[in-house]
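To keep things clear, I will list the structure first and then write my remarks on it.
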C-alpha cells in the first residue's frame, strides 16, 4: 500500500472542573467571588505522519500528556497556580499549550469552551 505524506490534524478532547476569581470592570462583584466552571478543552496536532508507523503522534502518548496537565487543573482553585497568572480563559489556553507542546511535537492549537456560558477561546500558532 502506498504511503502519501499528506498534512493531517489530530485532536484530543478533555474536560476539567475548576474554580477561580477575576478582577473585571463589568460584573465586578460577581467575578471577584469564587466561582467555578466546567472547561472543555481540545488539543490539536498537525503534521505529516511518520512513514514507518503511519502515525502523526501516538494517541496514547498524547493522552498521557493531556492527563498530566488535567491533573494540574482539575478540581483546583486556579488562582493558586502561579504559572497561570490571572485565571482567564486565555491564560488557560496558553498554560495548556505550553505544557503539552513541551512534550508533544507539532501542537498547533488549543481550544477551550465553557459551554454553560457560551464562552470559548482558541490559541493557534498555525
Could you please find all residues in the stretch 90-113 being touching a strand residue (DSSP E or B) at 6+ places or on another chain (Cβ under 6 Å) and surrounded by 18 or more Cβ atoms within 10 Å (Cβ to Cβ)? 92, 93, 96, 97, 100, 107, 109, 110, 111, 112, 113
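Inside the stretch 70-84, can you point out the residues that are surrounded by 12 or more Cβ atoms within 10 Å (Cβ to Cβ) and either in contact with a strand residue (DSSP E or B) (Cβ under 8 Å, 6 or more places away or on another chain) or within 11 Å of residue 12 (Cβ to Cβ) (or both)? Break it down stepwise before answering.
Step one: of the stretch 70-84, the residues surrounded by 12 or more Cβ atoms within 10 Å (Cβ to Cβ) are 70, 72-74, 76-79, 81, 84.
Answer for the stretch 70-84, where residues must be surrounded by 12 or more Cβ atoms within 10 Å (Cβ to Cβ) and either in contact with a strand residue (DSSP E or B) (Cβ under 8 Å, 6 or more places away or on another chain) or within 11 Å of residue 12 (Cβ to Cβ) (or both): 70, 73, 74, 76, 77, 78, 79.
Quick check on my filter: what residues within the stretch 1-17 are assigned to a loop (DSSP other than H, G, I, E, B) and modelled with pLDDT of 85 or more? Before the answer, list the steps.
Step one: list which residues in the stretch 1-17 are assigned to a loop (DSSP other than H, G, I, E, B), which gives 1-7.
Across the stretch 1-17, the qualifying residues are 6, 7.
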Within the stretch 48-67, tally of residues that are surrounded by fewer than 17 Cβ atoms within 10 Å (Cβ to Cβ) and either modelled with pLDDT under 95 or over 28 Å from residue 116 (Cβ atoms) (or both): 12
Under 7 Å by Cβ, and 6 or more places apart or on different chains, what pairs join a residue from the stretch 82-109 that is free of Cβ contacts under 8 Å to residues at least 12 places away in the same chain and at negative phi with one that is outside any helix (DSSP H, G or I) and crowded, with 17+ Cβ neighbours inside 10 Å? 101/107
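The values are calculated or read from the model by the stated rules, or taken from the named source; none is laboratory data. These numbers were taken from a predicted model, which means no experiment stands behind them. All Cβ positions, even for glycine, are placed from backbone atoms using ideal geometry, and neighbour counts span all protein chains on display.
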